[in-house]
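Okay, structure first, notes after.
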Amino acid sequence: MNDTPHQSHYRYAVSLSLVAALGGLLFGYDTAVISGAIGFLRIHFQLSAAEMGWAASSALVGCIVGAGIAGVLSDYAGRRKAMLIAAVLFAASALWSAAAPDVGQFAAARILGGIGVGMASMLSPLYIAEVSPAAIRGRLVSYNQLAIVGGILVVYFVNYFIEGLGSESWNVELGWRWMVGSETLPALVFFFLLLNVPESPRWLLKRGREGEAGTILRRIGGHTHAEREVVAIQQALRVEAASLTQLFGPGMRVAFAIGLVLAILQQVTGINVFMYYAPEIFKQLGSGTSSALLQTIIVGTFNMTFTVVAILTVDRLGRKPLMMIGAAGMGVSLFAISAAAFSGDPGLWVLIFILTYIASFAMSLGPVVWVVISEIFPTRIRGRAMGIATLALWAANYIVSQTFPMLNEQSWLVERFHHAFPFWLYGAMCIVTVFFVWRFVPETKGKSLEDIEHLWEAAE
Ligand code: BGC
């Protein structure tokens with residue numbers, strides 16, 4: 001009897017996951033493209049500091065909205081249709097922002113793209129989790145994180161290449177338009193590949209479409225796997241109440257709180273301060289000799305390499321050990337960065353500690369938080385619950401990115417802490433993370449999504 005899904009079936013789940021992970025690539029591409037364009041855009045539209053901030057951060061507002069609507073949309077219309085809509089938003093935003101005649105339209109176009117990012121940021125891991133056999137689910141959802149980081153790195157190179165095509169005045173006039181417009185290509189690839197992937201079998205069963213779901217599950221894991229899954233999913237769907245109030249019902253409160261807190265902790269431990277402000281931090285902390293681009297590429301490369309460590313270990317070591325080791329490493333690195341900053345002579349150490357921080361994040365909270373929030377909610381409410389957790393993640397991201405420059409430049413904090421204060425704060429959050437994961441997060445490695453649902457019933 002063929003009880004474990006066969007290698008060739010894994011291949012099918014892997015290929016579906018790779019298509020969905022393009023959503024992650026666009027997430028990374030879209031959030032990072034602005035870094036290359038913003039300087040030229042500022043000169044072109046003669047922007048004040050506040051207008052420039054808005055041109056850069058307007059997309060984040062869209063992300064919050066996108067995360068907010070993606071859950072409901074994907075529960076009603078399906079995971080695949082919602083991803084198709086995100087792909088259309090990416091392409092429309094790329095073309096519109098490239099052609100924008102003024103900064104108002106540019107920001108509006110970026111908000112539209114941000115809605116796509118917010119949607120894709122939850123839909124891709126959600127879809128991957130729902131089509132993956134339990135044994136490799138962590139690995140496949142982590143592909144999405146690799147794609148996010150890959151998208152960030154690719155767009156840095158694309159920006160660098162476009163910038164090299166012409167003079168400063170050409171870049172001010174047209175270069176930035178090509179940068180933001182270049183996203184049309186991956187968006188169209190995402191759209192057309194999505195046309196060839198099936199809907200999530202779990203969503204189909206929720207809709208009573210057993211035949212279609214069975215066919216897909218058989219391709220994913222063979223006959224025995226499909227039969228067992230159909231029964232388990234249907235059973236799980238039967239006991240779940242349909243409404244969102246279920247989120248706060250007994251058994252579910254715990255899952256919901258864990259998802260929400262993990263999503264927020266992924267952000268308040270400071271990752272995007274480094275993603276968005278790395279060159280500024282390098283300059284300010286004294287290691288400003290090498291070019292911003294080179295440092296950014298080193299950071300991006302570390303981020304990718306250590307994501308691979310998570311991919312290789314998340315289904316063997318488990319989610320909990322990775323998150324605890326990683327968050328501890330992030331905390332130690334942050335306290336070391338604070339100490340170096342406080343000493344007033346940070347030098348090369350800062351670069352080293354930033355890299356150990358990035359490596360620790362990449363092998364833990366980066367991918368694993370997305371893995372956990374894509375798998376811990378019951379099927380019937382998974383879309384909405386994950387949508388709310390993702391919304392909290394983007395809102396926390398917005399607050400951290402918005403307050404970092406303020407904390408970093410507040411004169412009495414600078415006098416007392418020499419720019420070390422924000423890093424202490426994020427370091428303290430790492431301690432909270434280690435404790436929280438150790439105490440509250442259950443290990444979900446190797447369990448089917450339906451087994452995980454049973455965990456919550458036992459929890460209350
Ligand atoms: C986070 C993003 C972050 C990215 C960087 C993702 O897991 O959700 O906020 O920019 O990792 O690698």
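Assorted remarks:
- Residues satisfying the stated conditions in region 15-34, i.e. within 15 Å of the ligand (Cβ to nearest atom) and surrounded by fewer than 24 Cβ atoms within 10 Å (Cβ to Cβ): ALA32, ILE34
- Near pairs, Cβ below 8 angstrom, 6+ apart or cross-chain, from region 69-85 (within 17 Å of PHE377 (Cα to Cα)) to any residue that is aliphatic (A, V, I, L, M) and open to solvent by 10 Å² or more (accessible area, probe 1.4 Å): GLY71/ILE388; LEU73/ILE85
- Of the residues making up region 265-280, those that are open to solvent by less than 40 Å² (accessible area, probe 1.4 Å) and away from the ligand (no atom under 15 Å from the Cβ) number 1.
- Residues of region 342-364 that turn out to be modelled with pLDDT of 95 or more, open to solvent by 20 Å² or more (accessible area, probe 1.4 Å) and not in a helix (DSSP H, G or I), as a count: 1
- Residues of region 89-99 include at least one that is of a type outside the set (Val, Ile, Thr), closer than 17 Å to ALA20 by Cα and either open to solvent by 10 Å² or more (accessible area, probe 1.4 Å) or part of a loop (DSSP other than H, G, I, E, B) (or both).
- The set of residues from region 69-88 being of a type in the set (A, V, I, L, M, F, W, C) and part of a helix (DSSP H, G or I) comprises ILE69, ALA70, VAL72, LEU73, ALA82, MET83, LEU84, ILE85, ALA86, ALA87, VAL88.
- Residue match in region 334-349 (condition: more than 12 Å from the ligand (Cβ to nearest atom), closer than 26 Å to ALA120 by Cβ and of a type in the set (Gly, Ala, Ser)): no
- Condition check for ALA420: closer than 21 Å to ILE128 by Cα, surrounded by 20 or more Cβ atoms within 10 Å (Cβ to Cβ) and modelled with pLDDT of 80 or more: no
- Residue in region 398-416 that is under 22 Å from GLY329 (Cα atoms) and not hydroxyl-bearing (Ser, Thr, Tyr) present: yes
- Only listed residue being modelled with pLDDT under 90, hydroxyl-bearing (Ser, Thr, Tyr), open to solvent by 40 Å² or more (accessible area, probe 1.4 Å) and more than 15 Å from the ligand (Cβ to nearest atom), chosen from SER58, SER48: SER48
- The set of residues in region 100-117 being part of a helix (DSSP H, G or I) and within 22 Å of ALA49 (Cα to Cα) consists of VAL103, GLY104, GLN105, PHE106, ALA107, ALA108, ALA109, ARG110, ILE111, GLY114.
- Only residues that are away from the ligand (no atom under 12 Å from the Cβ) and open to solvent by 10 Å² or more (accessible area, probe 1.4 Å) were counted in region 365-394, giving 4.
- Condition met for TYR143 (open to solvent by 10 Å² or more (accessible area, probe 1.4 Å), assigned to a helix (DSSP H, G or I) and within 16 Å of the ligand (Cβ to nearest atom)): yes
- Here region 226-264 is the region considered, the condition is being modelled with pLDDT of 85 or more and open to solvent by less than 10 Å² (accessible area, probe 1.4 Å), and the residue that is farthest from the ligand (Cβ to nearest atom) is ALA226.
The values are calculated or read from the model by the stated rules, or taken from the named source; none is laboratory data. All of these numbers come straight from a predicted model, not from anything done at the bench. Please note: Cβ atoms are built from the backbone with ideal geometry, for glycine as well, and neighbour counts cover all protein chains shown. Just so you know, the surface numbers come from the protein's heavy atoms only, side chains and all, with ligands and any DNA or RNA stripped out. Shrake-Rupley method; radii C 1.70, N 1.55, O 1.52, S 1.80 Å.
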